[in-house]
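See structure below.
The values are calculated or read from the model by the stated rules, or taken from the named source; none is laboratory data. All values derive from a computational prediction rather than experimental measurement. With ideal geometry, Cβ positions are generated from the backbone for all residues, glycine too; neighbour counts draw on all protein chains shown. In case anyone asks, the SASA skips ligands and DNA or RNA and just uses the protein heavy atoms, side chains included. Shrake-Rupley method; radii C 1.70, N 1.55, O 1.52, S 1.80 Å.
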Amino acid sequence: MGKSRLAEELMAQVDRAATVVRGRCLSHGRGITFWPVLEIVRKASGILEEDSPEIARAKIATLAKDDAVAQRVAAAVGLSSAEFPVEETFWAVRRLLETMAAVRPLVVLIEDIHWAESTMLDLIEHVLGSSQRPIVLVCLARHELLDIRPGWQDLPASRVVSLEPLSREDAAR
């Protein structure tokens, strides 16, 4: 279809004016509900593969600038055994993104949301509907996402852009 290619062009255009973070949804596996959040948090906070959970949590706390937010985000991405209600997780992820957007506009690219768990889709709706900062969510999906969430065509402050497959010439260009 070319959606990833178009997203790459968009990210290249906004990269100087905004902070760009990325995550992707996985088609299967354990602990994948908030996988895009994990990828975003790792990159934004500078978490390395070799970092211990303690170091990773400290990096999240530095990024979040709020212990309550950091604790909930760390739990959501598997860096803590603490458990919180999903509403608190949504609040914490939104607050983390808002903290990042307080420095400069934030563009969040989430790929393959047609594979997202329902809870992740709910989180996207929560951020879209309640954020108080300049956050742009760019969510890439196959057409079947609108079969799962038909109301997404009419969400306030959002726009659905449907793509038809690119021709070989257009894709090469």
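Just a few scattered comments:
- Unique residue being open to solvent by less than 10 Å² (accessible area, probe 1.4 Å) and either hydrophobic (A, V, I, L, M, F, W, C) or in contact with a Leu (Cβ under 8 Å, 6 or more places away or on another chain) (or both) when the list is MET100, MET120: MET120
- Output for the stretch 1-18, where each listed residue is surrounded by fewer than 16 Cβ atoms within 10 Å (Cβ to Cβ), touching a residue at least 12 places away in the same chain (Cβ under 8 Å) and not hydrophobic (A, V, I, L, M, F, W, C): GLY2, SER4, ARG5
- Restricting the stretch 144-164 to residues that are open to solvent by 90 Å² or more (accessible area, probe 1.4 Å), assigned to a loop (DSSP other than H, G, I, E, B) and not hydrophobic (A, V, I, L, M, F, W, C) leaves a set whose member that is farthest from GLU9 (Cα to Cα) is PRO156.
- Selection from the stretch 33-80 of residues that are in contact (Cβ under 8 Å) with a residue 40 or more places away in the chain and more than 20 Å from SER118 (Cβ to Cβ): VAL41, ALA44
- Qualifying positions in the stretch 117-139 - in contact (Cβ under 8 Å) with a residue 40 or more places away in the chain and either assigned to a helix (DSSP H, G or I) or under 11 Å from the mean Cα position of the chain (by Cα) (or both): THR119, MET120, LEU123, VAL136, VAL138
- Residue within the stretch 31-39 that is at negative phi, assigned to a loop (DSSP other than H, G, I, E, B) and touching a Lys or Arg at 6+ places or on another chain (Cβ under 6 Å) present: no
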